[in-house]
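Okay, so here's the structure we're looking at.
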Amino acid sequence: MRLGAHATGVIDRRVGLLFAVFLGLFLALAARATWLTTVRAGTLREQARSQHDSKVVEPGLRGPILDRRGRQLAVSEEAVTVYANPFLIERPAATAARLAPLVRLPEERILALISDRSRGFVYIRRKLPPEVGERLRKLALEGVGTLVEPRRVYPGGALATQVVGAVGTDGYGLFGLEQAADRLLRGRDGERRVVRDALGRPLRTITVRQPRPGRPLRLTIDAVLQRHVEGVLKATAERYRARGASAVVVDPRDGAVLALASWPTAAPDRSLELGPDVRRNRAVEDAYEPGSTFKPFTVAAALADRVISPLASFDLPPTIRVADRVIGEAHPRGWERMSVADILARSSNVGTVTIGLELGARRFARWVDRFGFGRPTGIGLPGESPGIVPRLRDYSGSSMGNLPIGQGLAVTPLQLVAAYTALADHGVLHEPYLIAGQRRPGKRVLRRSVADTVARMLEGVVGPNGTGAEAQIPGYRIAGKTGTSQKPDPLTGTYSKTRYVASFVGFAPVGDPRLLVLVAVDEPQGEIYGGVVAAPAFEQIVSFALPYLGVPPS
């Protein structure tokens, strides 16, 4: 039976339509295949590699930081890092719910990390206690694994925080020596490649590069002495409700720093939360007007240039005028005759300015530079201040009424200690150093006779009639100088009548010095004088340190 023309036409149209559909599908598949093998080829290869071939970084163990006797101040230990392969996690919400209490993160945060199935590796949380890894292995969560990473531990807690510093999550130093010596301490990271099957099970591990540990860093600091100094500093600052405080202890024979303390402070991990005030190393970063602790250098310079003799004496008025400035004493007095030794022992402003005027501005400026003021000591800690010292051409008519008594210039506690080594060690100035083996050669800046003369005069400061009697230590010859300096008021452009820095710097035993100690207390309340606030702290530090170091009474 023959089909009609109409029926034949319908069949032809249907066959043509079907052919067109198949052709369209074929062209679409061909276009898709072309796009996948060209445009998307690189991305797909990367995804396939991430699903079956993952890279794991093995950080090099960070080198330890040790005190002078090998005690650990900072050390790295093994910790557990939790990671995931989102491609292998079929139920992200359930996995996040089981992980949250273990790693102590919100479920929402974990879910956001593991829901992106285009990623083959994500960190969940890093550097957890080792027991977390054991508990996680018992859960046997698909697509979740652990690796061992080092974490930084500070056995001393808050001990020497501003010196040692801290590291961030990625192991980079953030402040202190952890930052300054980061390249030395970090070492080199290693790398492993983990090859997995289609189900994500590890087939083999390939070591691409072995990790290399960082080098140890041994300091000149003594942990026992450091802890004692920090305790004294804390008690002093809290007693006088101070804004801050710092202390420096060095061996004046070579400049080795035995203790370097600042208050307030906190343990390294807490200091990152509490802010920059507890991380600031005040002894290195803070510059202040030294006040009377600077006077011995004015006297030493005048003696060295033979402007005055050690036996000279002066008829001193109650006040002295220099240009438009009138300088008086801390405690009013009448006309009085004083020797050079008396001027230092009683911390006479008028007497020191008189000596400074005899020396003259040009020679004075040269000696300020020679003692190292106005430039960093080079101790190697971040943020060291150079201080503020006016240039000779910037002196005003009244500068020689300010500068000889320690006003109008600013120094750091560390700079002041460095300069005092020249008085303690018979005229040889030693730059402070903190890392063992980095001692720098001393530099003679004074004749031995001049330095020893000033040292004997400074013994009078801690004598019965001196301003530093509170620093006396039975059985030992002590030399030192008190300081009570007004802080500039930025609002008025004059000196504050309520804000002071109380300080004391001294060394012992005189003649054969083993310790040089500075204590500075910022804005003490109630009492303001260095002889009352800082000298007792000096006595507490040195009374402990001399027997501890085996120094017999002199």
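Any read-out appearing in this document is the output of simple, stated calculations on the displayed coordinates, not a laboratory observation. Source: prediction; values computed, not measured. Cβ sites come from the backbone with ideal geometry, for glycine too, and all protein chains shown count toward neighbours.
List of remarks:
- Mean residue ellipticity (222 nm) of the chain, computed from DSSP H runs ≥ 4 via -39,500 (n - 2.57), nearest 500: -10500 deg cm²/dmol
- Per-residue ³J(HN,Hα) for region 59-74, Karplus 6.51 cos²θ - 1.76 cosθ + 1.60, θ = phi - 60°, Hz, x for Gly and Pro: x, x, 4, 5, x, x, 10, 10, 7, 5, 9, x, 6, 7, 9, 8
- Degrees separating the helix 223-239 axis from the principal Cα axis of the chain, which is the longest one: 70 degrees
- Nearest-ten-degree value, helix 413-424 long axis tilted from longest Cα axis of the chain: 40 degrees
- Computed label-point distance, nm, for sites residue 140 and residue 274 using a 7 Å Cα→Cβ extension: 4.7 nm
- Working note: Karplus 6.51/-1.76/1.60 with θ = phi - 60° gives region 466-478 the couplings x, 7, x, 4, 5, 8, 4, 10, x, x, 10, 7, 10 Hz, where Gly and Pro are set to x.
- Charge-dipole axis of region 223-548 as Lys and Arg at +1 and Asp and Glu at -1 on Cβ define it, positive-most pick from 480, 413, 300: 300
- For residue 245, the residues 5 or more places off, or on other chains, whose built amide H falls under 5 Å of its own are 263, 522.
- Cα gyration tensor, region 404-501 - rounded (a/c under 1.5), prolate or oblate: oblate
- Acute angle (nearest 10 degrees) that the helix 361-370 long axis makes with the longest principal axis of the chain, alpha-carbon atoms: 50 degrees
- Anisotropy class of region 223-548 from Cα gyration tensor, a/c 1.5 cut: rounded
- For the chain, the gyration tensor built on C-alpha atoms gives a prolate shape. Its axis ratio a/c (a ≥ b ≥ c) is at least 1.5, and a/b is the larger of a/b and b/c.
- Pairs from the table (443/487; 234/443; 234/481) lying more than 27 angstrom apart at Cα are 443/487; 234/443.
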